[in-house]
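Values in this text are rule-based calculations from the coordinates and carry no lab data. Predicted model only: the values in this text are computed from it and were never measured. Here the Cβ positions follow ideal geometry from the backbone for every residue, glycine too, while neighbour counts run over all protein chains shown.
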Amino acid sequence: MSMIPRNNWIIGSKGVYHGTIGGSWTRIGAQEYGISSLIREPGRLVAGASWGSGLWEWSFGSNGSDRSDQAAQTARPDQADQADRWKQLHDETLTEVMAIASVAGTPGVVAGSPYGIATGRLDDLGAVRWTHHSDALRVNERFTNAILVHPDEPTTWLIGTEGGVMVAEDSGASWRRTSLSGTAVRAVAFFHDQFWAGTDDRGIWRSEDGLRWDSAGHTPNGGAVFDLMQAGDDIVAATEHGAAVGNGSGHWVRRGPRHLCAAVACHPGSTATWLAGATPGGLWFTEDGGHTWRHVPGFVNVRAIIAPEA
């Protein structure tokens, strides 16, 4: 597979795919794991997988091609674009990966699982060995759903857990509890110069410092919030009843198909163009800010979406 074109979306479903709205979708490699989370960087993709399938990396060569140096093929979503070249990053202590984020070092990933967050290092044989940093926390506080690296402090991470938002400082060496606790937090984000969090049963929250949180209202029909994104002045929440749009004032309007919406992303060049992933329900897109939607065939469960590069 050649380097993914900048204008391509990346989809985490039963495997990882890239493509464009209205065009074809190509699976990256042969793996068909259920993908929970994705990182896109200039030289690589990293994919976290559920159901014990771990953490994987696809690196690109300096000439813009992958290590196999084979040509990509156009394919349906049930086809691979070439021989599998995913590299295993997990070990026996890191299997069920719920969330990932980029950090310094090698392999340059902090990974979240039901057992907490972990960072890796290379051993003498070049394999990645993982160190867990959450062992002293309560069980619900270890169960990680989302990870956000602080935009100004790269060794400080906001962790969305089954017990609320936790703050990991000094790359997980110390921890602070926040005022948003006692509820599952499935999404954490930073935009409009504030931190945002989506909960299971208490709606959406915002914070100036990541420690003290204030309610930003409830989405229509309530329910869990699985993802949050910025679309111009609006905030879009992926909820169990579909996408909801608000502006931080506490008023939210549901838009789009009433599916369990697990992921949503906005095109960097158009604040009205979004992709939304449903589980089940597949992939949907809008080009008018959520007023009308069209289904993208070929997908059943979509849990992660990376927008094209700006």
**Asked** Looking at [x] -0.46, -1.19, -1.39; [y] -0.42, -1.05, -1.21; [z] -0.55, -1.01, -1.09, which value of log10 I(q)/I(0) by the Debye sum over Cα atoms at q = 0.09, 0.14, 0.15 Å⁻¹ comes from a calculation on the structure shown?
**Response** [y]
**Request:** Quick one: compute the contact order of the chain, relative version, from alpha carbon pairs under 8 angstrom and 6+ residues apart, as a percent.
**Result:** 12
**Prompt:** When the helix-only estimate is applied to the chain (DSSP H runs of n ≥ 4, each -39,500 (n - 2.57), divided by the residue count), what is the mean residue ellipticity at 222 nm, nearest 500 deg cm²/dmol?
**Reply:** 0 deg cm²/dmol
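Per-residue counts of other Cβ atoms within 10 Å, averaged by peptide: what ranking do you get for 146-156, 35-45, 224-234, highest first?
Working: 146-156: 16.1, 35-45: 17.9, 224-234: 19.5.
Ranked by mean Cβ neighbours within 10 Å, highest first: 224-234, 35-45, 146-156.
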**Message:** Could you work out how much longer the chain between T20 and D201 gets when fully extended? Use 0.36 nm per residue separation minus the Cα distance between them, nm to one decimal.
**Reply:** 61.7 nm
**Request:** Which order do the peptides 206-217, 298-309 take when ranked by the mean count of other beta-carbon atoms within 10 Å per residue, highest first?
**Result:** 298-309, 206-217
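Is the C-alpha gyration tensor of segment 194-310 telling us rounded, prolate or oblate? Criteria: a/c under 1.5 is rounded; beyond that, a/b larger than b/c is prolate, otherwise oblate. Walk me through the numbers before you get to the answer.
On the way: a/c = 1.80, a/b = 1.43, b/c = 1.25.
Verdict is prolate for segment 194-310.
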**Request:** Putting +1 on Lys and Arg Cβ atoms and -1 on Asp and Glu Cβ atoms, find which of V128, T93, S113 reaches farthest to the positive end of the dipole of segment 9-224.
**Result:** S113
**Prompt:** Taking a point 7 angstrom from the Cα of E208 along the C-beta vector, which residues in segment 149-189 have backbone N less than 13 Å away?
**Reply:** none
**Asked** If each of T93 and A30 carries a label point 7 Å out from its Cα toward its Cβ, how far apart are those two points in nm?
**Response** 3.1
**Prompt:** What order, most packed first, do the peptides 127-135, 3-11 have when packing is the mean number of other Cβ atoms within 10 Å of each residue?
**Reply:** 3-11, 127-135
**Prompt:** Taking a spot 7 Å from the Cα of A272 along the direction of its beta carbon, which residues of segment 6-32 have an amide N less than 18 Å from it?
**Reply:** 21-22
**Message:** With a 10 Å cut-off between alpha carbons and a GNM built on the chain, which of G105, G290, G48 moves the most?
**Reply:** G105
**Request:** Evaluate E = 1/(1 + (r/R0)^6) for R294 and R258, where r is the Cβ-Cβ distance and R0 equals 22 Å; express this FRET efficiency to the nearest 0.05.
**Result:** 0.90
**Item:** Simple spin-label estimate for E287 and A310 in nanometres, 7 Å along Cα-Cβ
**Value:** 2.3
**Complete:** Rounded to the nearest 0.05, FRET efficiency between R44 and D123 (Cβ-Cβ, R0 22 Å) equals 0.65
